[in-house]
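Read the structure below first, then the notes.
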There are 2 protein chains.
Amino acid sequence: MAAVRASERVYRALRDEIVSGHLPPGAELSEVDQAGLRGVSRTPVREALARLQAEGLAAVGKGRTLVVSSLSPEDVAHLFELREALESQAARLAARRGAPAVFLDLAARFAAAPGLLDDGDPEREAYYALVTELDVAIDAAMASPYLERSLATLRAHVARARRLSRDNPDRLRRAAQEHALIATAIADGDEVLASQATAVHVRASLAAVLDNLASRTEHDDVTRLVPTGAAP
Amino acid sequence: MAAVRASERVYRALRDEIVSGHLPPGAELSEVDQAGLRGVSRTPVREALARLQAEGLAAVGKGRTLVVSSLSPEDVAHLFELREALESQAARLAARRGAPAVFLDLAARFAAAPGLLDDGDPEREAYYALVTELDVAIDAAMASPYLERSLATLRAHVARARRLSRDNPDRLRRAAQEHALIATAIADGDEVLASQATAVHVRASLAAVLDNLASRTEHDDVTRLVPTGAAP
DNA sequence: GGCCCGTCGTTTGTATACAAAGTCACCTCG
DNA sequence: CGAGGTGACTTTGTATACAAACGACGGGCC
């Protein structure tokens, strides 16, 4: 029944809810509340919260309370500074060590993707699944455990940032071209191009997120999602 | 008396002992043993071990036991792949945002350092303190919280790797020159040079560590420090 | 003699009970 | 009316008790 540990289940559940935005930034993460909610004791909840705090998804709030960490536009900019460093290096190593066939296939699928993005939410999900495939392929190809660990925690934050601002179809089409270029460079074993194309993609992605966030602020109340600027 | 939490004290103590090599790779980290040793309950020990595991300083051993993670030459090489990514970006951002005066001062002190490294262990410690000063200055200058977090956990691993192989005076003199160049580039606001000089330094540092490890294997028994690769 | 199964022991995982510490509100005093 | 302190309450931090899971060891059977 409960083949996995309770602390693991609680951790994943909370992590998913934070990334998906169901638990918005600033939401309080009380041990007793969560224990009651998940039907477990405080002990596994405590362990889950500690992990979330270590990853930066939760942070100490005003008193001794733990809250979902905020994600202001400045935070996103800073997050992407780390993302650029990690993903550039990942692409470089993948180009050095990866099997070309895998990335040639991915490049072709990314090249074909723009035509599929004309309509609908399911198309978007399918595209994100393809991006995840590329991430997995890069992880396997680079064969760099320490980098892989850092990337894993990073991606949760990136997913959260993406969730804050839904990409529009134009951006997705351009992203598909950027991804196709990255995959091609890796397949060619071109470390420099792979690294630089990734850096370009990360910058473009950041610009898109910030643009989306700025335009949304005009008519929608985004302050509810980004409540406290920076709690000390 | 115990103004800080017991879990924090245990965490720091274990972390220091792992980094310093007092707890060698492969050493078992039993909850009950550590609880008895530190005079606290299993609960804070458990929390400390979870943090160490999240940082990669501890890993699951053969059974359900937690052991100090191994650090083979391959591991060091992989670690430095992450280090290169993080520190290059850190230097780039520091060059972009840092105050030149701080780094000009550091550059001068690094330039003067080679003459001070002629003899003795205390000199080496003084030099490492200077390196730490540079790290702190870069952290402050880059103003990138996510990157800073990743760097913090990275540095524990790097310190452990450094501990495995004591640098010789020649290497230290060359490192001082490399550091001086990095500091100068940052002071000049030269992002490209700062980033590339850091990459060069990381590569040279890796080569020195691996060389040292290889030469030590000849006459000394290093297998005690890197015991089980993954033996069941 | 070798392999498989059962039992035992040691470990971690979870729950709960207890203690301390900080915060908030309210009351009192200046 | 404001500021300071003091009280209680709500939170986390720690300890301990209990349960379950996994590995190891030994004995029996093929």
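The values are calculated or read from the model by the stated rules, or taken from the named source; none is laboratory data. Quick caveat, the model's predicted, so the values are computed rather than measured. Every residue, glycine among them, receives a Cβ derived from its backbone with ideal geometry; neighbour counts consider all protein chains shown.
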- Message: Can you tell me how many residues within region B:1-10 are within 13 Å of DNA strand C (Cβ to nearest atom), away from chain A (no Cβ under 13 Å) and either in contact (Cβ under 8 Å) with a residue 12 or more places away in the chain or assigned to a helix (DSSP H, G or I) (or both)?
- Response: 1
- Looking at (1) surrounded by fewer than 15 Cβ atoms within 10 Å (Cβ to Cβ); (2) within 14 Å of chain B (Cβ to nearest Cβ); (3) touching a residue at least 60 places away in the same chain (Cβ under 8 Å), can you tell me which one A:Ser20 breaks? (2)
- Could you identify the single residue in B:Ala58, B:Ala143, B:Ala107, B:Ala91 that is touching a helix residue (DSSP H, G or I) at 6+ places or on another chain (Cβ under 7 Å) and in the same structural domain as B:Pro25 (by TED's automatic domain parsing)? B:Ala58
- Note: among B:Glu133, B:Glu178, B:Glu123, just one is crowded, with 17+ Cβ neighbours inside 10 Å and not basic (Lys, Arg), namely B:Glu178
- Task: Kindly list the number of the only condition in (1) crowded, with 19+ Cβ neighbours inside 10 Å; (2) assigned to a helix (DSSP H, G or I); (3) within 14 Å of chain B (Cβ to nearest Cβ); (4) away from DNA strand D (no atom under 16 Å from the Cβ) that fails for A:Val102.
- Result: (3)
- Item | Single residue of B:Arg166, B:Arg162, B:Arg149 found to be farther than 18 Å from B:Leu82 by Cα and out of contact with any Asp or Glu (no Cβ under 8 Å at 6 or more places or on another chain) | B:Arg166
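Per-residue answers, yes or no, for (1) within 14 Å of chain B (Cβ to nearest Cβ); (2) farther than 25 Å from A:Leu210 by Cβ; (3) assigned to a helix (DSSP H, G or I):
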| residue | (1), (2), (3) |
| --- | --- |
| A:Leu52 | yes, yes, yes |
| A:Ser70 | yes, no, no |
| A:Val76 | yes, no, yes |
| A:Glu81 | yes, no, yes |
| A:Ala85 | yes, no, yes |
| A:Ala90 | yes, no, yes |
| A:Phe110 | no, no, yes |
| A:Pro122 | no, yes, yes |
- Task: Just need a number here: residues in region B:48-68 that are within 10 Å of DNA strand D (Cβ to nearest atom) and at pLDDT 95 or above.
- Result: 1
- Message: For region B:146-194, give me each residue that is among the hydroxyl-bearing types (Ser, Thr, Tyr) and either assigned to a helix (DSSP H, G or I) or without any contact (Cβ under 8 Å) to a residue 24 or more places away in the chain (or both).
- Response: B:Tyr146, B:Ser150, B:Thr153, B:Thr184
- Subset of region B:38-50 [assigned to a loop (DSSP other than H, G, I, E, B) and within 12 Å of DNA strand C (Cβ to nearest atom)]: B:Ser41
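Okay, residues lined up against (1) over 19 Å from A:Thr153 (Cβ atoms); (2) within 9 Å of DNA strand C (Cβ to nearest atom); (3) buried (at least 16 other Cβ atoms within 10 Å of the Cβ); (4) under 15 Å from the mean Cα position of the chain (by Cα):
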{"position": "B:Pro25", "(1), (2), (3), (4)": "yes, no, yes, no"}
{"position": "B:Glu31", "(1), (2), (3), (4)": "yes, yes, yes, no"}
{"position": "B:Leu52", "(1), (2), (3), (4)": "no, no, yes, yes"}
{"position": "B:Leu57", "(1), (2), (3), (4)": "no, no, yes, yes"}
{"position": "B:Arg64", "(1), (2), (3), (4)": "yes, yes, no, no"}
- Which of the residues spanning region B:25-44 are within 14 Å of chain A (Cβ to nearest Cβ) and near DNA strand D (Cβ under 8 Å from one of its atoms)? B:Ser41, B:Arg42, B:Thr43, B:Pro44
- Note on A:Ala13: of the conditions (1) away from DNA strand D (no atom under 11 Å from the Cβ); (2) more than 14 Å from chain B (Cβ to nearest Cβ); (3) farther than 26 Å from B:Arg64 by Cβ, unmet is (3)
